[in-house]
Structure formats: structure tokens, C-alpha cells
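Here the structure comes first, spelled out in C-alpha cells, and everything after it is commentary.
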Amino acid sequence: MRNKLTRFVAGTLGLALLAPTSGQIENAGALNAWTTKPVSRAHNSSNKASYVKTVRATKHGGVDRVVFEFEGPFPNYRIKYLKSRFYDGEGGRERIKSPGNRFVQVEFFVIPASEEQLKFTEAKNFAPKGKLRMPSLQSVTGQGLFEGFYAFLLGVSARKPYRVTELANPSRLVIDFQH
């Protein structure tokens with residue numbers, strides 16, 4: 001009984017902490033436009049859960065492309081260049097060991113830490129692994145799912161402009177990096 005109560009209190013506290021944070025996400029930066037500035041979007045139109053289903057990376061024309069595909073509607077998200085090779089993770093400030101000279105952080109908000117998400121994350125070919133052989137994009141590294149926040153780091157060769165596009169049926173977030 002005590003274990004159930006502890007989990008209930010921890011879960012309730014986690015949801016309470018997420019509510020103000022997800023409310024702070026604002027629409028910033030333009031979609032479908034080249035930028036090096038942060039881009040974020042609040043998608044609060046549905047009560048249905050969003051899951052990161054798969055992450056793909058490819059060369060497409062004159063760009064390197066990362067595609068995040070979702071099961072369900074678009075989650076809230078924020079995309080930004082990090083100022084250094086350090087990442088603020090669960091254990092505090094951590095040095096980034098992934099390939100790349102600069103890093104773009106992609107954060108998704110209110111992704112349930114559930115069996116459904118675990119099924120996608122553990123699937124074969126969920127995300128690219130290791131050093132990518134592309135002109136701009138050098139790595140895609142999952143930083144983990146913690147209390148509804150799912151973060152990824154994209155290692156790039158230099159601070160290149162990127163473009164963010166949202167596609168539907170299924171919901172996909174596309175990030176292109178110029179060569």
C-alpha cells in the first residue's frame with residue numbers, strides 16, 4: 001500500500017511540475033524558414049497522448065534531414081542551438097560525447113513515459129546510431145525520456161541554418177540543415 005501511495009504522489013507531483021512548464025512553451029520562430037534562432041510550438045489542441053514513433057535521418061537534395069514521426073498529435077516542442085559542448089541532463093551538466101562540432105537540442109514536452117513509448121524506443125531502427133556520413137548532420141542522440149520531457153541532440157559540422165516543417169498524416173516534424 002505504501003509503495004502505491006509513493007508512486008501516486010510521485011506521479012502527481014511530476015504532472016504538477018509539467019503543467020506550468022508546458023504552459024510556458026510559446027510559438028517562437030517561423031516554420032518553413034531558414035534560421036539559427038530557437039523555434040518552438042505549443043500544440044495544446046488535443047488530450048490524446050503523443051509518442052515519438054521513429055527518428056530518421058537522410059540526405060535530401062541540398063540538405064541533411066531529420067524526421068521525427070509521432071504516434072498521435074504533435075507534442076509541444078522547442079529546438080535550439082546549444083552554446084557549448086555541455087548539456088543540462090538529469091545528473092546536472094554533462095559533456096556531449098556525440099559526433100559533431102555544434103549541437104542542436106530538440107525537446108518534446110508531455111511525452112508519456114509509458115509502455116507504449118518504450119515499445120517504440122526499443123524497436124529496431126528507432127533512431128540512427130553512431131556517426132552519420134552527411135555534409136552537415138553528424139549524429140542524432142537520444143538524451144532520454146524523463147518526466148514527460150524527451151530530448152534529442154543533433155550533432156552538426158558547424159552552426160548551419162536549419163528549417164523546421166510540420167507534416168501531417170502521420171504527424172512528422174522535419175528539420176533540414178543546409179550543406
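Every number in this text was worked out from the coordinates using simple rules, so none of it is lab data. All of these numbers come straight from a predicted model, not from anything done at the bench. Glycine also receives a Cβ, built like all others from the backbone with ideal geometry; neighbour counts cover every protein chain displayed.
Points to keep in mind about this one:
- The residue that is farthest from residue 79 (Cα to Cα), among those in the stretch 140-158 that are small (Gly, Ala, Ser) and in a strand (DSSP E or B), is 144.
- Boolean, residue 93 is part of a strand (DSSP E or B) and touching a residue at least 12 places away in the same chain (Cβ under 8 Å): no
- Residue list for the stretch 63-111, filter: under 22 Å from residue 52 (Cα atoms) and of a type in the set (Asp, Glu): 64, 69, 71, 88, 90, 107
- Within the stretch 47-90, tally of residues that are surrounded by 13 or more Cβ atoms within 10 Å (Cβ to Cβ), within 16 Å of the chain's Cα centre (by Cα) and in a loop (DSSP other than H, G, I, E, B): 7
- Among the residues of this structure, residue 110 does not count as one that is closer than 24 Å to residue 35 by Cβ and among the aliphatic types (A, V, I, L, M).
A quick yes/no check of all residues on (1) in a loop (DSSP other than H, G, I, E, B); (2) exposed (fewer than 13 other Cβ atoms within 10 Å of the Cβ):
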{"site": "98", "(1), (2)": "yes, no"}
{"site": "104", "(1), (2)": "no, no"}
{"site": "117", "(1), (2)": "no, no"}
{"site": "124", "(1), (2)": "yes, yes"}
{"site": "135", "(1), (2)": "yes, no"}
{"site": "138", "(1), (2)": "no, no"}
{"site": "160", "(1), (2)": "yes, no"}
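- For the stretch 100-120, the set of residues classified as under 24 Å from residue 165 (Cβ atoms) and touching a residue at least 60 places away in the same chain (Cβ under 8 Å) consists of 104, 106, 109, 110, 111, 117, 120, listed by residue number.
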